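Step one of this worksheet: look at the structure below.
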Amino acid sequence: MPGVSLTINDKKVRVPAGTTILEAARELNITIPTLCHDKRLSPFGACRLCVVEVRGRKNLPAACVTPVEEGMTVLTESPAVVEARRTIIELLLANHPLDCLTCEKSGNCRLQDYAYRYGVKRTPFEGTRDQLPLDDNNPFIIRDPNKCILCGKCVRACQEIRGQAVLGFAFRGPATRVVPPLDVSLGESDCVFCQNCVAVCPTGALRDKYLAGKGRWWEFQPEAVTCPFCANGCHFYLLRKEGKVVAVAAGGAAPGRPMCLRGRLALTLIFCEEPPQPQIKTEKGFAAVSWTEALGLEELAGKLWPK
Amino acid sequence: MGRILVCAGTGCVASHSRQVTARLKAALHAHHLEERFQVDNTGCHGFCEQGPLVIIEPEGILYCRVREEDVEAIVTEHLEQGRLVERLLYQDPVTKEKIAAYNQIKFYRQQSRHVLKNCGHINPENIDAYLAVEGYQGLKKALALPREEVINIIKESGLRGRGGAGFPTGLKWEYTFKAPGDRKYVVCNADEGDPGAFMDRSVLEGDPHAVLEGMLIAAYAIGAREGYIYVRAEYPLAVQRLRIALAQARERGFCGERILGTDFSCELYIREGAGAFVCGEETALLASIQGERGMPRPRPPFPARQGLWGQPTNINNVETYANVPLILRRGAGWYASLGTEKSKGTKIFALTGKVKNTGLVEVPMGITLREIIFNIGGGILEDRGFKAVQIGGPSGGCLPAEHLDLPVDYDSLTAAGAMMGSGGLVVMDDSTCMVEVARFFLNFTQAESCGKCTPCREGIQQMLAILTRITRGQGREGDLEQLERLARVIKGTALCGLGQTAPNPVLSTLRYFRAEYEAHIRDHRCPAKSCRELLTYHIDPDKCNGCTRCRRRCPAGAISGEAREPHTIDLELCARCGTCLDLCRQKAIYVE
Ligand SMILES: Cc1cc2nc3c(=O)[nH]c(=O)nc-3n(C[C@H](O)[C@H](O)[C@H](O)COP(=O)(O)O)c2cc1C
Ligand code: SF4
Ligand code: SF4
Ligand code: SF4
Ligand code: SF4
Ligand code: SF4
Ligand code: SF4
Ligand code: FES
Ligand code: FES
């Protein structure tokens, strides 16, 4: 069988050429932590949490973007790797609010998971912990730039899946941030609230506003559903709490399954016991409208039931 | 006919060389000397500190710091009466001797100017001046050879990239040549973001055709039909000269369709960059040319396989390209005879800091630091003690006196904890605090980090915070270990060269000057007496005449004493502002 053979943590594996170390490790059921990687998005290699040791190399390459090579010997949890991962988590936490106690994302947050996995209780560094204003003047998404770890997943999701390119990197050095163009709020931007970005965000920096206050993540029983409203068939989760569907969460996009606001709203109307009143964007901002209007059914209704 | 060359490089223009040129032309006219002397402008000589420079040829007499008012003397005394204008001659900082001939000045005598040969000697805005010194002969030669042969010549010459990492140029060309794809590109990296570096600027301003010729040879060798010169917008003169050179080269058939009547066609374009340091990193530079944010991406794929718009792209530095025509003209063997076993040819350095002669110097690889600093540079200013030389730009390292005899080549420098980088050489004397030096460079790199990867964006700012604390006397036990751990992780895990090398100034100063860090942390003392917040101010009672100047101006009210009696400073109250030190005429105040 053609391909590349390598050894990961003393286990041999053979994979097709061009496979990344991360994918090869998955073949062996070895999980390497990742914050910025998502196989549906283009490779980025930014968080560096996935670094591994490769015998004979001076640096620790990032497993998510490093192709395997014949005869490679990889260690995924060597002392140097663990030191690097712990340090990276400590560095991220130095500029993080650490609100896990009240954060909606708690229990479903990768940063929290990895801090737990590597036993990082506190950071030895003094960060600046900026107090950037919350961006929540729209009915759908709460953007908390203070919790953003700049993994760039939302940037790629918005651009590559949605084709909208609302979010982008701005500024340099420690001031770097992910923002809509000209640093306006999401509500003022060209955002169409498809929530592709929310679905991929590994932290609480981008959150579904409908979910706010509805419960802790571990109280929900998520059920995967497919949106029936168009041929794309996008993925969503019905979040059940004590048997009642409390919200419909974006399930994460895939190529050709772009997810849209309309699909999510329609599912919300169908499944939620207490659907919130929908709002749409008008010239003057967001306004509450009827469900028929929100779902664009007025025209259809007009044809079916002429007044 | 005699020639009067007036430097029109950025440095000399800033010290008003344009006015000198105008005044010279007017004076020649007034004295009816236009038939005998011709005024010409040149690019930088690398001696900008002495500028504006005026050279009288054929004798090669150099006049320094020539002002408009001096023009009359040059014309009447030198040109008409054949007498040197003594006061405008260069004075050797060591022997104090006046030196008339350009090539007798130590600064130049000990250099080997091959790449810089034309800089300061030909008019960069006139292609005929370049053609007169065998310009475009290298391209002609290359076009008569098979592509593989041109690549072989570069491989045999041993040329390595001058942009920092020293990657073998011939090998890079070969990769790009062999990469599949029929649209290939050549790119010239003229971003030159290192603070204090100006070698690439000088070459572009002083000899732009050499760079174009080098790029065209590379384009032919790898099979590219298009190329970009990415030059920082802060170099307006370089951009202007490149535009002129490009237009002239097109007009004469050296660039564009069917170059020199062959089947080879290549167009070159200029792109101005917004001047972020990280845009010099090759993948960030390519992104920037494509109109995206200048942010590095992981390699592989290397640009040689997937560069501009995903096509095979050869990217080299300005100086690298400027070496290429020389190699083609004079042969790989000649080139390989310069330099050392593994580092061939010459390298241009920007010599700055506490040396007597500062400027651009081109030296053969393998020359020692001592020769550069003490012979060419004339030694340390005010004859103070040498402490260290910082080499390799903001992410290079600081080498102490014990390394003065280190041969300057890629591998020795890297082994000693520094690097060639683009060729910055900052000399430091014994008044320099090495912790502060490290802090200074990290302050630069942390601000210039593109912000993409965690270790670089977050890690360097933490290293900076620790260093800043130490220089303020708030260092703690464990700080050095923390610095070392951060340095290790950042070097090992950062995505691009910026992060991977940013800790070097800290690591090299920790390696050679650890005691200085410890003095700051443990004894709250700055041995170089440079960190203001760690100094204590004292008054020598034998020198103080009780003039009360310091007492009256001390913002902290820390000084007491009767008039005409020696004063004293209360260290508890003293705010360490240094006012008294500057004020005291008796020099009675000293710091410890
Ligand atoms: C942060 C950073 C900045 C750089 N800046 C420059 C630069 O200003 N000029 C340059 O030629 N190379 C620069 N480089 C090196 C380039 O990435 C690349 O290696 C070089 O242009 C290749 O040319 P060479 O092989 O001729 O040296 C930089 C690299 C890094 C990591
Ligand atoms: S985003 Fe994650 S780590 Fe941050 S406060 Fe919320 S749960 Fe905690
Ligand atoms: S909701 Fe959709 S359009 Fe809006 S920023 Fe997120 S991905 Fe882009
Ligand atoms: S908002 Fe979320 S997805 Fe976007 S960069 Fe920040 S952490 Fe990553
Ligand atoms: S979410 Fe939108 S795009 Fe996706 S299937 Fe439903 S209606 Fe179609
Ligand atoms: S090392 Fe620094 S400059 Fe390079 S990609 Fe990472 S953040 Fe950007
Ligand atoms: S250093 Fe400043 S505060 Fe201290 S004694 Fe002198 S003048 Fe006063
Ligand atoms: S997951 Fe590999 S660098 Fe972020
Ligand atoms: S600009 Fe004239 S010597 Fe540099």
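Limited to the range B:118-151, what total is found for residues that are within 30 Å of B:Glu281 (Cα to Cα) and without any contact (Cβ under 8 Å) to a residue 40 or more places away in the chain?
The qualifying residues number 2.
So which residues in the range B:198-234 are among the aromatic types (Phe, Trp, Tyr) and modelled with pLDDT under 95, if there are any at all? Reasoning before the result, please.
Let us first name the residues in the range B:198-234 that are among the aromatic types (Phe, Trp, Tyr), namely B:198, B:220, B:228, B:230.
Of everything in the range B:198-234, just one residue is among the aromatic types (Phe, Trp, Tyr) and modelled with pLDDT under 95, namely B:Phe198.
Please work out which one of (1) free of Cβ contacts under 8 Å to residues at least 12 places away in the same chain; (2) out of contact with any helix residue (DSSP H, G or I) (no Cβ under 9 Å at 6 or more places or on another chain); (3) more than 14 Å from ligand 2 (Cβ to nearest atom) is the condition A:Thr87 fails and give its number.
Failing condition for A:Thr87: (2).
Among the residues of the range A:90-126, which ones are within 15 Å of ligand 4 (Cβ to nearest atom) and of a type in the set (Asp, Glu)?
Listed by number, the residues that qualify are A:Asp99, A:Glu104, A:Asp113.
Which residue out of A:Ala115, A:Ala62, A:Ala46, A:Ala84 is within 12 Å of chain B (Cβ to nearest Cβ), away from ligand 3 (no atom under 16 Å from the Cβ) and closer than 26 Å to A:Ile142 by Cβ?
A:Ala46
Look through the range B:383-401, keep the residues that are in a helix (DSSP H, G or I) and touching a residue at least 40 places away in the same chain (Cβ under 8 Å), and return whichever of them is surrounded by the most Cβ atoms within 10 Å (Cβ to Cβ).
Taking the range B:383-401 as the starting set, the residues that turn out to be in a helix (DSSP H, G or I) are B:383, B:393-395, B:401.
Filter again for touching a residue at least 40 places away in the same chain (Cβ under 8 Å), leaving B:393-395.
Working: B:Gly393: 30, B:Pro394: 25, B:Ser395: 24.
Step by step, filter the range B:383-401, then rank; the result is B:Gly393.
It is to be established whether one or more residues within the range B:530-541 are within 16 Å of ligand 1 (Cβ to nearest atom), surrounded by 15 or more Cβ atoms within 10 Å (Cβ to Cβ) and either within 14 Å of chain A (Cβ to nearest Cβ) or not charged (D, E, K, R) (or both).
Of the residues in the range B:530-541, the ones within 16 Å of ligand 1 (Cβ to nearest atom) are none.
No, the range B:530-541 contains no residue that is within 16 Å of ligand 1 (Cβ to nearest atom), surrounded by 15 or more Cβ atoms within 10 Å (Cβ to Cβ) and either within 14 Å of chain A (Cβ to nearest Cβ) or not charged (D, E, K, R) (or both).
Residue under question is B:Ile521, and the condition is that it be more than 14 Å from chain A (Cβ to nearest Cβ), open to solvent by 10 Å² or more (accessible area, probe 1.4 Å) and within 16 Å of ligand 7 (Cβ to nearest atom); does it hold?
Numbers: more than 14 Å from chain A (Cβ to nearest Cβ): yes; open to solvent by 10 Å² or more (accessible area, probe 1.4 Å): yes; within 16 Å of ligand 7 (Cβ to nearest atom): no.
Spelling it out, it is not the case that B:Ile521 is more than 14 Å from chain A (Cβ to nearest Cβ), open to solvent by 10 Å² or more (accessible area, probe 1.4 Å) and within 16 Å of ligand 7 (Cβ to nearest atom).
For every residue, the table says whether it meets (1) open to solvent by 10 Å² or more (accessible area, probe 1.4 Å); (2) more than 16 Å from ligand 6 (Cβ to nearest atom).
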{"position": "B:Pro364", "(1), (2)": "yes, yes"}
{"position": "B:Gly379", "(1), (2)": "no, yes"}
{"position": "B:Asp409", "(1), (2)": "yes, yes"}
{"position": "B:Leu413", "(1), (2)": "no, yes"}
{"position": "B:Ala416", "(1), (2)": "no, yes"}
{"position": "B:Cys450", "(1), (2)": "yes, no"}
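Please count how many residues of the range B:262-289 are farther than 23 Å from A:Ala62 by Cβ and modelled with pLDDT of 95 or more.
12
Any idea which of B:Leu171, B:Leu159, B:Leu116 is at pLDDT 95 or above and either more than 25 Å from B:Glu371 (Cα to Cα) or more than 24 Å from the chain's Cα centre (by Cα) (or both)?
B:Leu171
Any residue that is among the aromatic types (Phe, Trp, Tyr) and not in a helix (DSSP H, G or I) - is there at least one of those in the range B:317-337? Before you say what the answer is, go through the steps one by one.
Of the range B:317-337, the ones among the aromatic types (Phe, Trp, Tyr) are B:321, B:334-335.
Within this subset, residues satisfying the condition of being not in a helix (DSSP H, G or I) are none.
Within the range B:317-337, not a single residue is among the aromatic types (Phe, Trp, Tyr) and not in a helix (DSSP H, G or I).
Restricting to helices (runs of 4 or more DSSP H) lying wholly in the range A:212-307: which have 2 or more residues that are touching a Leu at 6+ places or on another chain (Cβ under 8 Å), surrounded by 15 or more Cβ atoms within 10 Å (Cβ to Cβ) and at pLDDT 90 or above? Please lay out each step first, then the result.
On the way: elements: A:261-271, A:291-294, A:298-304.
Qualifying helices (runs of 4 or more DSSP H): A:261-271.
When the residues of the range A:146-169 are narrowed to those that are open to solvent by 20 Å² or more (accessible area, probe 1.4 Å) and within 24 Å of B:Ala465 (Cα to Cα), which ends up farthest from the other protein chains (Cβ to nearest Cβ)?
A:Asn146
Would you confirm whether any residue within the range A:172-187 is away from chain B (no Cβ under 14 Å), under 29 Å from B:Ala465 (Cβ atoms) and either open to solvent by less than 20 Å² (accessible area, probe 1.4 Å) or assigned to a helix (DSSP H, G or I) (or both)? Quick ask: steps written out before the conclusion?
Within the range A:172-187, the first condition is being away from chain B (no Cβ under 14 Å), and the residues that meet it are A:180, A:182-187.
Cutting the leftovers down to under 29 Å from B:Ala465 (Cβ atoms) gives us A:183.
Pick out the ones that are also either open to solvent by less than 20 Å² (accessible area, probe 1.4 Å) or assigned to a helix (DSSP H, G or I) (or both) and you get A:183.
Within the range A:172-187 (the criterion being away from chain B (no Cβ under 14 Å), under 29 Å from B:Ala465 (Cβ atoms) and either open to solvent by less than 20 Å² (accessible area, probe 1.4 Å) or assigned to a helix (DSSP H, G or I) (or both)), the answer is yes, since at least one residue qualifies.
Check whether at least one residue in the range B:490-497 is small (Gly, Ala, Ser), open to solvent by 20 Å² or more (accessible area, probe 1.4 Å) and under 20 Å from the mean Cα position of the chain (by Cα), and report yes or no. Lay out the reasoning, then the answer.
Going residue by residue through the range B:490-497, those that are small (Gly, Ala, Ser) are B:492, B:494, B:497.
Those left that are additionally open to solvent by 20 Å² or more (accessible area, probe 1.4 Å): B:497.
From what is left, the residues that are under 20 Å from the mean Cα position of the chain (by Cα) are B:497.
Yes, some residue in the range B:490-497 is small (Gly, Ala, Ser), open to solvent by 20 Å² or more (accessible area, probe 1.4 Å) and under 20 Å from the mean Cα position of the chain (by Cα).
I'd like to verify a number: residues in the range B:260-274 that are open to solvent by less than 20 Å² (accessible area, probe 1.4 Å) and either within 16 Å of ligand 8 (Cβ to nearest atom) or small (Gly, Ala, Ser) (or both), how many? Can you show your working first?
Restricting attention to the range B:260-274, the residues satisfying the condition of being open to solvent by less than 20 Å² (accessible area, probe 1.4 Å) are B:264-266, B:268, B:273.
Next cut, either within 16 Å of ligand 8 (Cβ to nearest atom) or small (Gly, Ala, Ser) (or both) only: B:265, B:273.
Residues in the range B:260-274 being open to solvent by less than 20 Å² (accessible area, probe 1.4 Å) and either within 16 Å of ligand 8 (Cβ to nearest atom) or small (Gly, Ala, Ser) (or both): 2 in total.
Check B:Gly478 against each of (1) over 30 Å from A:Arg156 (Cβ atoms); (2) within 8 Å of chain A (Cβ to nearest Cβ) and name the one condition it does not meet.
Checking B:Gly478 against (1) over 30 Å from A:Arg156 (Cβ atoms); (2) within 8 Å of chain A (Cβ to nearest Cβ), the one that fails is (2).
Please tell me if B:Pro505 is away from every other protein chain (no Cβ under 14 Å) and either within 25 Å of the chain's Cα centre (by Cα) or at positive phi (or both). Break it down stepwise before answering.
Values: away from every other protein chain (no Cβ under 14 Å): yes; either within 25 Å of the chain's Cα centre (by Cα) or at positive phi (or both): yes.
In short, yes.
Taking the range A:108-128, which residues are surrounded by fewer than 13 Cβ atoms within 10 Å (Cβ to Cβ) and over 22 Å from the mean Cα position of the chain (by Cα)?
Selection gives A:Gly119, A:Lys121, A:Arg122, A:Glu126, A:Thr128.
Check A:Leu134 against each of (1) more than 16 Å from ligand 5 (Cβ to nearest atom); (2) hydrophobic (A, V, I, L, M, F, W, C); (3) surrounded by 15 or more Cβ atoms within 10 Å (Cβ to Cβ) and name the one condition it does not meet.
Failed condition: (3).
Given the conditions (1) part of a helix (DSSP H, G or I); (2) out of contact with any strand residue (DSSP E or B) (no Cβ under 7 Å at 6 or more places or on another chain), report the number of the one that B:Gly546 does not fulfil.
The failed condition is (1).
Against the condition within 16 Å of ligand 6 (Cβ to nearest atom) and touching a residue at least 24 places away in the same chain (Cβ under 8 Å), how does A:Arg143 come out, does it pass? Step through it out loud before you land on a result.
Numbers: within 16 Å of ligand 6 (Cβ to nearest atom): no; touching a residue at least 24 places away in the same chain (Cβ under 8 Å): yes.
Here the answer is no, as A:Arg143 does not meet what is asked.
Open to solvent by less than 20 Å² (accessible area, probe 1.4 Å) and within 14 Å of another protein chain (Cβ to nearest Cβ), is that true of B:Gly459? Walk me through how you get there before you give the answer.
Numbers: open to solvent by less than 20 Å² (accessible area, probe 1.4 Å): yes; within 14 Å of another protein chain (Cβ to nearest Cβ): yes.
So B:Gly459 passes the test.
Suppose we filter B:Leu286, B:Leu308 for residues that are more than 12 Å from chain A (Cβ to nearest Cβ), closer than 29 Å to A:Thr66 by Cβ, open to solvent by less than 30 Å² (accessible area, probe 1.4 Å) and touching a Pro at 6+ places or on another chain (Cβ under 8 Å); which single one remains?
B:Leu286
Just name the residue that is farthest from ligand 3 (Cβ to nearest atom) out of those in the range B:341-399 that are of a type in the set (S, T, N, Q) and within 15 Å of the chain's Cα centre (by Cα). So that I can check it myself, show each step before the final result.
Kept after step one, since they are of a type in the set (S, T, N, Q), are these residues of the range B:341-399: B:343, B:346, B:352, B:357-358, B:368, B:375, B:390, B:395.
Then drop every residue that is not within 15 Å of the chain's Cα centre (by Cα), which leaves B:346, B:352, B:357-358, B:390, B:395.
Details: B:Thr346: 53, B:Thr352: 47, B:Asn357: 57, B:Thr358: 52, B:Gln390: 45, B:Ser395: 36 Å.
Top of the filtered list is B:Asn357.
Take B:Leu62 and tell me if it is more than 30 Å from B:Leu246 (Cβ to Cβ) and among the aliphatic types (A, V, I, L, M). Working first, answer last.
On the way: more than 30 Å from B:Leu246 (Cβ to Cβ): yes; among the aliphatic types (A, V, I, L, M): yes.
Considered against the rule, which asks whether it is more than 30 Å from B:Leu246 (Cβ to Cβ) and among the aliphatic types (A, V, I, L, M), B:Leu62 comes out as yes.
Suppose we keep only residues that are out of contact with any Phe, Trp or Tyr (no Cβ under 7 Å at 6 or more places or on another chain) and part of a loop (DSSP other than H, G, I, E, B) within the range B:422-450. Which one would you say is farthest from the other protein chains (Cβ to nearest Cβ)?
Within the range B:422-450, the match that is farthest from the other protein chains (Cβ to nearest Cβ) is B:Asp430.
The values are calculated or read from the model by the stated rules, or taken from the named source; none is laboratory data. As the structure is a computational prediction, the values presented were derived from the model and not from experiment. Backbone-built Cβ (ideal geometry, glycine too); neighbour counts: all protein chains shown. Areas reflect the complete protein model, heavy atoms only, side chains present, ligands, DNA and RNA absent. Shrake-Rupley method; radii C 1.70, N 1.55, O 1.52, S 1.80 Å.
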